[in-house]
Amino acid sequence: MRRNMLRVTGAVAVSAMLTFGLAACGDGGDGSGGGNEVTIGFMGDLTGENSGLVIPPRNGAQLAIEQYNATNPKVKIKFKEYDSQGKPEQATTLVQGAIKQDKIVGLIGPAFSGESQSTGPILEEGKIPSVSPSATQITLGEKGWKFWHRVVADDAVQSAGAGDFITNQLKAKKVATIHDNQDYGKGLADSIAKVVKEKGGEVQTDPVDDKATDYSSTVNKIKQFNPDVVYFGGYYAVAGRLFKQLREGGVKARLMSGDGSLATGLIEGAGQENAQGAMLSCGCLIDEAGTSNAKAKKFATDYQAKFTTPVAIYSGEGFDAASSFIEAIKAGNTEPEKINQFLSTVSFEGVGKPIKFDAKGELASQDIYMYEVEGNKMPLLGNTKDAKVE
């Protein structure tokens, strides 16, 4: 997800930090790892317009930590949340407070790529390990950061999978790519365009303003181009408005987007009728029924019981990101650098996919999945390599 929500706002108060997680347990509650409690943070957009992409991984992380603490371990985990609203400049302020005041020993997140770009150097300097459940921008893995990790494939993998699906499964010859002109959205759309062109397809690209509400100019360009597929790179708030106007403007092409739009907010924004058949690509596996394996089944059941809603985008990744820290702490590592060293060797079966990091902090598993809007839901079609379309 990857994702750049670069918006210049005014001064950001550290008081924006929100705490919803577990109550502190035991002594030594400074979070630094010296007593029987350590603090793990979660950072992302919890109240902004794209919070629907971040609350599910937050829930997944919270569930993992609550279940761990319920085993009455020697070292418990305090879960502390930081609401960045997806804004890089806000995330920068919050992460400094998390390190200096709250003395976190690890951070789950940031959720989006833009805030990950801005906080990465700070976490690196502070030697605080981070595991993002959803930041997918390609360049994050090219920084040479030693304390950075993610439990999701990057946009190069997503665009290759989605591009192959567009040309091989959908048999598209003409593809229109639209993006919100932000790092995540533009990077994903450009990569999709590259894959389609390499396979002999014709591509037309157009950027849109993510703050705009009228996309008639783009709609007219797409109608004239008459593509087989329209792929939008960006988040569901914009995708909903855009898809609604495309359908109401008479565009009949298959509508597609990436993981940034894989939330029911897309259906709400576009209108259920306009959203039908829209397809979403993602490096995440959303397995509501828990059919992947026994762990996925238990997770889906526990998640539904805890939050009275089915698992959603990045729920499993949030659980797995938290579990990677839990594995480190269970092995006796409570200081940030020791936890980071452990993460370089961690290996376990996550919710739907194996969790193991390479030397760059990238996930070894590289699968991409497709989802299709049906009614008010987005059921899994399958892996891009073998997903079938009616």
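The values are calculated or read from the model by the stated rules, or taken from the named source; none is laboratory data. What you are looking at is a predicted structure, and each value in this text was computed from that prediction instead of being measured. Backbone-built Cβ (ideal geometry, glycine too); neighbour counts: all protein chains shown. In case anyone asks, the SASA skips ligands and DNA or RNA and just uses the protein heavy atoms, side chains included. Shrake-Rupley method; radii C 1.70, N 1.55, O 1.52, S 1.80 Å.
Points worth noting:
- Formal net charge of residues neighbouring residue 347 (Cβ-Cβ distance under 13 Å; K, R +1; D, E -1): -2
- Solvent accessible area, Å² - residue 93, 1.4 Å probe, full protein context: 40
- Here the Debye sum runs over all C-alpha atoms of region 150-281 as equal scatterers in vacuum, and log10 of I(q)/I(0) at q = 0.20, 0.21, 0.23 Å⁻¹ comes out as -1.13, -1.26, -1.52.
- Amide H within-cut-off set for residue 202, under 5 Å, with H built and near neighbours excluded: 174, 175
- For a straight C-alpha distance cut-off of 18 angstrom, the aspartates and glutamates reachable from residue 388 (same-chain residues fewer than eight places away being disregarded) are 164, 228, 287, 367, 372, 374.
- Here the Gaussian network model covers the chain, with springs between Cα atoms less than 10 Å apart; of 253, 312, 331, 331 fluctuates the most.
- Sorted from longest to shortest, the spans of the Cα atoms of region 208-277 along the three principal axes equal 29, 25, 18 Å.
- Mean Cβ neighbour count within 10 Å, used as a protection proxy, ranking 71-80, 334-343, 148-157 highest first: 148-157, 334-343, 71-80
- Relative contact order %, the chain, counting alpha carbon pairs below 8 Å whose residues are six or more apart: 19
- Relative to the compact-globule estimate of 2.2 N^0.38 Å, the Cα radius of gyration of region 240-300 comes out at 1.37.
- The chain, helix-only ellipticity at 222 nm - DSSP H runs n ≥ 4, -39,500 (n - 2.57), divided by all residues, nearest 500: -11000 deg cm²/dmol
- GNM flexibility winner over the chain from 300, 212, 270 (Cα, springs under 10 Å): 212
- Kirkwood radius, region 61-101, all distinct C-alpha pairs, inverse of mean reciprocal distance: 12.0 Å.
- Region 145-153 - phi-based ³J(HN,Hα) in whole Hz, Karplus 6.51/-1.76/1.60, Gly and Pro as x: 5, 9, 10, 9, 8, 8, 10, 8, 5
- Labels on offer are (i) 36, 21, 18; (ii) 62, 29, 15; (iii) 34, 29, 23, and the one holding semi-axes √(5λ) of the Cα gyration tensor in Å computed from this structure is (i).
- For region 206-324, taking the reciprocal of the average inverse distance between every pair of different Cα atoms yields a Kirkwood hydrodynamic radius of 15.7 Å.
- Between 109, 240, 60, the residue with the greatest mean-square fluctuation in the GNM of the chain (Cα pairs under 10 Å linked by springs) is 240.
- In whole percents, the pair-distance distribution calculated for region 24-168 from its alpha-carbon pairs, binned every 10 Å from zero, is 12, 39, 33, 12, 3, 1.
- Long-range amide H partners of residue 348 with built H, under 5 Å: 355
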